[in-house]
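Chemist: Dumping the structure here so I can ask a few things about it.
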Amino acid sequence: RRAPLLARNGRTLADRDGVQTQAGAQTGITGELGEAERARRLDLVSEGFPAGARVGVSGLQRALDRQLRGRAGGTLYGGKRILARTQPRPARAVRSSIDTRISSAAQSALAGRFGAVAAVQPRTGEVLGLAGIALDGAQAPGSTFKIMTVTAGLETGVTKLTSRYPVQTGANAGG
């Protein structure tokens, strides 16, 4: 049996059936359950799950799927002889690091525009809030590389904290 998905404060974001609660809807990142794509479905069947088992297909439901889905049970036969038998084990509730207030504020800040927001606690690396395509959208690692580039520039003396550069609003990336 699937586990409920909880926020940092213990509020339920999605119940055992994957149904999003009001708190989950406010975060905008809980995600949905559905049928796994072919390769993933084959892996699940090899672990003992039925072929049509519902799994996390987006958002936190997908990111935390392994912890949320519990352990399948079943019987392994060698011909008509039982070789092994295990009982299914329901998953325990999974508490995420998501703060519903931060995710809700991030979602409001995007105001329906295309983009992503990720709020991370620098000391611990905990993800406190996500919005937009932060979990499910393919994105270039621009923000990460900006930090790496400026750090390298400052450490090598190529640039200073007082340096100014023109704003570039577009780029040609190979056509």
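The values are calculated or read from the model by the stated rules, or taken from the named source; none is laboratory data. Bear in mind that the values here come from a model prediction, so they are computed numbers and not experimental data. Cβ atoms come from the backbone with ideal geometry, glycine included; neighbour counts cover every protein chain shown. Accessible surface areas use protein heavy atoms only, side chains included; no ligands, DNA or RNA. Shrake-Rupley method; radii C 1.70, N 1.55, O 1.52, S 1.80 Å.
Chemist: Rounded to a whole number, what % of the accessible area of the stretch 41-154 do carbon and sulfur atoms account for, probe 1.4 Å?
Modeler: 57 percent
Chemist: Output the relative contact order of the chain, whole-number percent, from Cα pairs under 8 angstrom with separation of 6+ residues.
Modeler: After rounding, I find 19 percent.
Chemist: For the stretch 1-102, give me the percentage of DSSP beta bridges that are antiparallel, rounded to the nearest 5 percent.
Modeler: Given both bridge residues lie in the stretch 1-102, the antiparallel proportion sits at roughly 85 percent.
Chemist: Sticking with this one: Once Lys and Arg get +1 and Asp and Glu get -1 on their Cβ, which of Ile147, Val117, Thr12 lies farthest toward the positive end of the dipole of the chain?
Modeler: Result: Thr12, furthest along the dipole toward the positive end.
Chemist: Same structure again: Taking the Cα centre of the stretch 1-95 as the origin, how large is its charge dipole in debye, to the nearest 20, when only Lys and Arg (+1) and Asp and Glu (-1) carry charge on their Cβ atoms?
Modeler: That gives a dipole near 460 debye.
Chemist: Can you list the equivalent-ellipsoid semi-axes of the stretch 1-126, largest first and in whole Å, using the square root of 5 times each Cα gyration tensor eigenvalue?
Modeler: So the three semi-axes of the stretch 1-126 are 34, 15, 12 Å.
Chemist: Another question, then. Report, in deg cm²/dmol and to the nearest 500, the calculated mean residue ellipticity at 222 nm for the chain, where each DSSP H run with n ≥ 4 adds -39500 (n - 2.57) and the sum is divided by the residue count.
Modeler: -8000 deg cm²/dmol
Chemist: Given H placed 1.01 Å from N in the peptide plane, which residues other than close sequence neighbours of Ala116 have an amide H under 5 Å from its amide H?
Modeler: For Ala116, the qualifying residues are Ile133.
Chemist: Here's another thing I want to ask about it. So what is the relative contact order for the stretch 39-99, in percent, with contacts set as C-alpha pairs under 8 Å and at least six apart?
Modeler: Relative contact order for the stretch 39-99 comes out at 24 percent.
Chemist: Using DSSP to define loop residues, name the chymotrypsin sites (Phe, Trp or Tyr not before Pro) in the stretch 69-175 whose beta-carbon has at most 14 other beta-carbon atoms within 10 Å.
Modeler: Of the chymotrypsin sites (Phe, Trp or Tyr not before Pro), the ones in loops of the stretch 69-175 whose Cβ has at most 14 other Cβ atoms within 10 Å are Phe114.
Chemist: Between the stretch 51-72 and the stretch 87-106, what is the separation of their alpha carbon centroids in Å?
Modeler: Measuring centre to centre over Cα atoms gives 13 Å.
Chemist: A follow-up question, please. Output ³J(HN,Hα) for the stretch 158-174: one whole-Hz value per residue in order, computed from phi by the Karplus curve 6.51 cos²θ - 1.76 cosθ + 1.60 with θ = phi - 60°, and x for Gly and Pro.
Modeler: Karplus values, whole Hz, x for Gly and Pro: 5, 9, 10, 4, 8, 5, 10, 9, x, 7, 9, 9, x, 7, 9, 9, x.
Chemist: If you count the DSSP beta bridges with both ends in the chain, what percent of them are antiparallel, to the nearest 5?
Modeler: 90 percent
Chemist: Give the accessible surface of the chain per residue, rounded to a whole number of Å², with probe radius 1.4 Å and ligands, DNA and RNA excluded.
Modeler: 69 Å²
Chemist: Could I ask something else about it? Taking the Cβ-Cβ separation of Arg81 and Asn9 as r and a Förster radius of 35 Å, what is the calculated FRET efficiency to the nearest 0.05?
Modeler: 0.10
Chemist: Would you mind calculating the gained length between Asn172 and Thr159 on full extension (0.36 nm times residue separation, minus the Cα-Cα distance), in nm to one decimal?
Modeler: Length gained, Asn172 through Thr159: 2.2 nm.
Chemist: Under a plain spin-label model, where a point goes 7 Å from the Cα along Cα-to-Cβ, how far apart in nm are Val45 and Phe145?
Modeler: Distance between label points: 4.0 nm.
Chemist: So between Arg123 and Arg1, what do we pick up on full extension, going 0.36 nm a residue minus the alpha carbon distance?
Modeler: Stretched fully, the Arg123-Arg1 segment lengthens by 40.5 nm.
Chemist: Go through Gln87, Ala51, Ala171 and say which Cα lies farthest out towards the positive end of the charge dipole of the chain; charges sit on Cβ, +1 for Lys and Arg, -1 for Asp and Glu.
Modeler: Of the options given, the answer is Gln87.
Chemist: Plugging the Kirkwood radius over Cα pairs into Stokes-Einstein for the stretch 71-175, at a temperature of 25 °C and a viscosity of 0.890 mPa s, what D comes out in µm²/s?
Modeler: It diffuses with D of about 129 µm²/s by this estimate.
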